[in-house]
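Report on the structure given below.
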Amino acid sequence: MDLAAIINKQWIYTARPTAEVTANNYQLVTAPLTKQELAPGELLVQAHYISVDPYMRIQQAAQDSWEAPHPLGAVQGAGVVAKVLAVKGDTGEIAVGDFVNCYTGWQMYAICAASAVRKLDPTLPLSTALGVLGMPGRTAYFGLHTVGRPQVGETVLVSGAAGAVGSIVAQLAKLQGCRVVGIVGSAAKQQLLQEEFNLDATINYKDHPTLAAMTLALKTACPQGIDVYFDNVGGPITDAAMTWLNLRARVIICGQISQYNGGLDNPELGPRFLHHILYKRALIQGILARDFADRMPEMLAALAPLVRSGQLRYPETIITGFENLPATLNALFYGNNTGKMIVKVSP
Ligand code: NAP
């Protein structure tokens, strides 16, 4: 294959946002592939589905998170489902025509090492590799089971409950025999949680805009208190949840999306709630998907059968068009997605 004939499209991250991320924080570059030849063990891949995830906005802040900020002048990093167009030398089980999950970012074509990709099972929908059977699924599964450790009959509260991670957590907790309460930002999402996921109660946080109102809503929805709180959003919702924890509750800090558009560099001061952790001898722990990367087979063995049998639903919001990547990333902050937000870039 003549690599020089391939015209690539890339979104280059060029400017740190102070609030929302837009296309102005990127430059769209169309140019031939820079590398002319594959090295042994390398693949040429074409993106089909590209991920947008809230963590991208964390990495755009000026300060360190679990790692240094995303470098300027580089292709926006992202998980991708791609088709293998060419291989060279020993690429193990990866052959031309396979679909793989790779971390090649917001670009149409990429050259990567075969050792850095995961071959996908063609009998499962390809897009699931970015959602329920990918990083978000891993986060949900290990966050809930290693830190939350829900027991039958316990009350599990999930914020961001109709999103990529939250929708899986909520369903897994139901399968575990828990009483599950989901917090979301619209009546349509409440309906999904009740009718599709069979949750026991739901709260639309936009109906309860003050700490007092949210606390009351939580007490109504969780009359027995909260045993496990899986937090995807932070902010006032979490402030309220902290007041209603049960003895030895477990709080999983998975994400704080309500704080990402500005609050990471200039944090707002919230109510002090650590005394509730003291009184309830509660455990609060952050979790990170990458810490469980080597346990991917374990997660897939647990969740893939549930996906196949229909016991685990995986809503997806799929936007078409490479040019829509920055706007689709920002749409996560408006709750425009139900389940995993994905951009489809190839037919
Ligand atoms: P997602 O939930 O699919 O999408 C984001 C959702 O957040 C939106 O749909 C919106 O839903 C909600 N949201 C946006 N702004 C909000 C606000 N101000 N207050 C309350 N809710 C708001 O995204 P995801 O990929 O599953 O990620 C969910 C959270 O988990 C994020 O905080 C993310 O950073 C985190 N995460 C962490 C890890 C890890 O390794 N720790 C891995 C993956 C994700 P509504 O319509 O309900 O508002």
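The values are calculated or read from the model by the stated rules, or taken from the named source; none is laboratory data. These numbers were taken from a predicted model, which means no experiment stands behind them. Every residue, glycine as well, gets a Cβ built from its backbone with ideal geometry; the counts of neighbours run over all protein chains shown. SASA here: full protein model, heavy atoms, side chains in, ligands and nucleic acids out. Shrake-Rupley method; radii C 1.70, N 1.55, O 1.52, S 1.80 Å.
General observations
- Electrostatic bookkeeping for Glu323 treats Lys and Arg as +1 and Asp and Glu as -1; over the other residues with beta carbon under 14 Å from its beta carbon, the sum is +2.
- When all protein chains stay in place and ligands, DNA and RNA are ignored, the 1.4 Å accessible-area order of Ile284, Ile7, Ile12, largest first, is Ile7, Ile284, Ile12.
- For Leu144, net neighbour charge (Lys/Arg +1, Asp/Glu -1) across residues whose Cβ lies under 15 Å away: +1
- Given Lys119/Lys189; Lys219/Lys280; Lys35/Lys83; Lys189/Lys280; Lys174/Lys219, the pairs whose alpha carbons are separated by over 25 Å: Lys119/Lys189; Lys189/Lys280
- Relative contact order for the chain, counting Cα pairs under 8 Å that sit 6 or more residues apart, in percent: 18 percent
- Mean projected area of the Cα convex hull of region 112-216, taken over all directions, amounts to 8.9 nm².
- Around Leu245: net Lys/Arg minus Asp/Glu count, Cβ-Cβ under 13 Å: +1
- Cα-based helix-to-principal-axis angle, 164-175 vs the chain, degrees rounded to 10: 50 degrees
- Charged-residue dipole, Cβ positions (Lys, Arg, Asp, Glu), region 259-345 about Cα centre, Debye nearest 20: 380 debye
- Exposure check, 1.4 Å probe, all protein chains in place: Phe197 carries approximately 10 Å² of accessible surface.
- At full extension, Glu268 and Ile7 could sit 89.5 nm farther apart than now, given 0.36 nm per residue minus the alpha carbon distance.
- Share of carbon and sulfur in the accessible heavy-atom surface of the chain [1.4 Å probe, %]: 55 percent
- Here the 3J(HN,Hα) profile of region 255-270, calculated from phi with Karplus coefficients 6.51, -1.76 and 1.60 at θ = phi - 60°, is x, 9, 4, 5, 10, 6, 7, x, x, 6, 7, 10, x, 8, 8, x Hz, Gly and Pro shown as x.
- Computed Rg/Rh of region 215-347, alpha carbon atoms with Kirkwood Rh: 1.02
- Rolling a 1.4 Å probe over the protein heavy atoms gives the chain an accessible area of 43 Å² per residue.
- Cα-based Rg and Dmax for the chain, where Dmax is the largest Cα-Cα distance (Å): 20.8, 67
- Calculated FRET efficiency, Thr243 to Leu72, Cβ-Cβ distance, R0 = 45 Å: about 0.65 to the nearest 0.05.
- Each Lys and Arg Cβ is given +1 and each Asp and Glu Cβ -1; about its Cα centre, the chain then shows a dipole of about 620 debye.
- Ordered by solvent-accessible area of protein heavy atoms (1.4 Å probe), largest first, the residues Val52, Val96 come out as Val96, Val52.
- Cα-Cα separations in region 162-208 greater than 12 Å, expressed as whole percent: 54 percent
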